[in-house]
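Scroll down for the structure; my scribbles are underneath it.
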Amino acid sequence: MRAISPASLSRIAVILLLATLWACAPRPVERPVMDADEVALMADSAEIMLETGDPAAAADLFTEIARAVDEEERPEWLFRAADAWLQAGETDRARTLVRSLSAAELSREDRFRAAVLLSRADVMDNRPREALARLDVRDEGVPSVVMPDLLRVRAQARFQMDDIVHGVADYQRLADRLSGEERMAVLQTLWDRLMGLPTLPDREAVAGRPLVAGWINLARAGQESWQRPDRFDDAVAEWESLHRGHPARELMDRLLAEHRERFRYPDQVALLLPLSGRFAGPAVAVRDGFLAAHFNQPGERRPNVRVYDTAGDPEQVMTVYQQAIDEGAGMVVGPLTRPELARLARSERQVPVLGLNYLLENEDSVDGLFQFGLDPESEARQVAERVIREGHSNAIALVPESEWGYRMLDAFREALEAQGGVLLDYETYHSGQRDFSGRITRVLGLDRSAARHRSLASAVGESLEFEPRRRQDIDAIFLASQDGQASLIRPQLRFHRAIGVPVFASSHVYRPGQASDSDLDGIRFPDMPWSIAREGEARQARLRVETIWPEAFEQHGRLYALGFDAYRLVPVLNNFEHPLQPPLAAMTGVLSLSGDNRIQRQLSWAQFSRGQPIPLEPIEELREIEEPVPVHVGGQ
């Protein structure tokens, strides 16, 4: 970013004043035309604003230029204004500017530019199908000057739609049109996108595509290195012997250096857990997962680990924390309970802390304190996203009448409505309840159907043949359930005519290792790879833990994965200025870091079939295109 001199600041202020006066002044019949020097001055000021992080102001200046130049120059400045609005995250403003242009009056090249800008807006709004519909053209027919931007947007849209094979191909086509640092940046972006995927295409999907297969195989080695860092150098050497001449080889030196830095541990790590008291069971599971990851790597890579008991006491946690620092901890992992974490957050910290829970949303984030846990509300939000992504918009919910149930309901509703969906209705049920008929008939609208029948029969004075009908506007059902109640509710939903309506739940519907339960068939739910992966390191680690600690595994299985990933996160959080960029596929999900230092988990999906969870393949965007496509790019 270049520095701005006082003279430049003064010039920008003058330009902004002139632009404001120009915008507010009455328009003459014949629009005045700026001379070249005035246009250059305003354009230069707009570029400075882009460089210094004010794209909205730059968009306004570009728009003012467009109003004051000749008609044939107007598209160029409106395109630049739309691009600035996209950089500002204002997709609707960008669309308005592009659509103000008449497609019939645009050159072929400009029609493509318009389509690419609109597609960028679609990708930013998570509408990849619309983006691809605009860009559904053969590469040979695209003007060469537009092709790089088109390939970039198309690749992004394909990744959003989980069409990884064609997304990789488009990124590689883009890289092949570039050179130097621009080419390396695209290759790095492709690598980052692959490393952030919850699942990679299987060998069958890339059969006959050696270039794509090379990228996928390298990404698989990279993802597996998250669990076994010591194996990455050997995996890369083996990959190079199988993929000679592959373009990803250009990244090798950078990837190996990055890997060594990413997985360098501090000399000593402290683990703070409530190993005595009522949270001892969960704490032991976290500890065992943490130590399993520790002993899963070569001795020369291991830090010294010291485990401290906080007893679940928010006051005692400060004493234990200070003891860990005094004894040489370079990083602290824990505490586990929210009150302990809140107490630690209010104090001054001398080394980075990875808390194993989350502060309440109304509590301020704190520098040097990372938050990582198994947040149920995050799962409810991911369920809402999946509901919309599968093309549904009207949902109902069944949740337990508890604090947990209402938290899940609120998170689901907020996420659903934020994406244009509607929560039509909800009903609560009591823990321990076995007959849910009354609650289900009410939320499905069957009680209203019966009431209408009784009213009509009373009006005509005779009995009528009647079959109650549920309300027909329900697209999906969100079922929040713990303690095995889903296996009771699901059959009753079917009995009460909810057949054909997809049922979504959180991971709490499934306990790894539980016996088959066909009553759950059809329920879709998000979960961590540790729980549902059918192959790979996550499954192998889960099976080892299940064999060694079968009783504890059934009760606290996912907490082993939390401890395992917490250990792996230590060097990543400790060594990188921007950790978890790109996101990393781990035991508990694909991990990324928000601006308030909360680690987010993107989960995989499964569906019960014959009583067991079967991992779901990535879905294709199912929604219909909601907007017309005003710019046809395949014309003349």
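The values are calculated or read from the model by the stated rules, or taken from the named source; none is laboratory data. This structure is a prediction, so every number in the text was calculated from the model and none was measured. For neighbour counting, all protein chains shown are included, and Cβ atoms are generated from backbone atoms with ideal geometry for every residue, glycine included.
Here are a few things to note about the model shown:
- For segment 57-78, the criterion of being under 26 Å from the mean Cα position of the chain (by Cα) and aromatic (F, W, Y) is met by none of the residues.
- Single residue of L197, L218 found to be at pLDDT below 90, in contact with a helix residue (DSSP H, G or I) (Cβ under 8 Å, 6 or more places away or on another chain) and under 29 Å from M124 (Cβ atoms): L197
- Flag: Y567 matches the condition of being in a helix (DSSP H, G or I), in the same structural domain as P335 (by TED's automatic domain parsing) and over 30 Å from S516 (Cα atoms).
- Answer from A59, A82 - the residue that is surrounded by 17 or more Cβ atoms within 10 Å (Cβ to Cβ), more than 23 Å from L151 (Cβ to Cβ) and touching a helix residue (DSSP H, G or I) at 6+ places or on another chain (Cβ under 6 Å): A59
- Test for A115: is it touching a His at 6+ places or on another chain (Cβ under 9 Å) and farther than 30 Å from A207 by Cβ: yes
- Sole residue being under 27 Å from A285 (Cα atoms), more than 23 Å from the chain's Cα centre (by Cα) and modelled with pLDDT of 95 or more, chosen from G373, G405: G405
- Residues located in segment 289-322, provided they are among the aromatic types (F, W, Y) and assigned to a helix (DSSP H, G or I): F290, Y321
- Q188 being at pLDDT 90 or above and not aliphatic (A, V, I, L, M): yes
- Cβ-Cβ under 7 Å pairs, at least 6 apart or on other chains, segment 136-147 side closer than 13 Å to D170 by Cβ and surrounded by 11 or more Cβ atoms within 10 Å (Cβ to Cβ), far side among the aromatic types (F, W, Y) and modelled with pLDDT of 85 or more: V142/F112
- Residue within segment 539-552 that is part of a helix (DSSP H, G or I), among the acidic types (D, E), in contact with a Lys or Arg (Cβ under 8 Å, 6 or more places away or on another chain) and farther than 20 Å from Q297 by Cα present: no
- Failed criterion for R193 (all others in (1) under 21 Å from V116 (Cα atoms); (2) without any contact (Cβ under 8 Å) to a residue 60 or more places away in the chain; (3) among the basic types (K, R) hold): (2)
- Among (1) within 22 Å of Q223 (Cβ to Cβ); (2) part of a loop (DSSP other than H, G, I, E, B), the one test that G513 misses: (1)
- Screening L336, L341 for residues that are crowded, with 17+ Cβ neighbours inside 10 Å, more than 19 Å from N574 (Cβ to Cβ) and in contact with a Leu (Cβ under 7 Å, 6 or more places away or on another chain) leaves exactly one candidate, L336.
- Selection from segment 91-134 of residues that are surrounded by 21 or more Cβ atoms within 10 Å (Cβ to Cβ), touching a residue at least 60 places away in the same chain (Cβ under 8 Å) and out of contact with any Asp or Glu (no Cβ under 8 Å at 6 or more places or on another chain): V98, R111, F112, A114, A115, L118
- Residue match in segment 340-353 (condition: touching a residue at least 60 places away in the same chain (Cβ under 8 Å) and touching a Ser or Thr at 6+ places or on another chain (Cβ under 9 Å)): yes
- Taken over segment 558-584, the residue count meeting the criterion of being in contact with a Gly (Cβ under 7 Å, 6 or more places away or on another chain) and of a type outside the set (A, V, I, L, M, F, W, C) is 4.
- Candidates in segment 376-402 are the residues that are of a type in the set (S, T, N, Q) and buried (at least 18 other Cβ atoms within 10 Å of the Cβ); of these, the one that is farthest from the chain's Cα centre (by Cα) is S378.
- Residues in segment 463-501 that are at pLDDT 95 or above and in a loop (DSSP other than H, G, I, E, B): A480 alone.
- Where V570 falls short, out of the listed (1) touching a Phe, Trp or Tyr at 6+ places or on another chain (Cβ under 8 Å); (2) farther than 23 Å from H259 by Cβ: (2)
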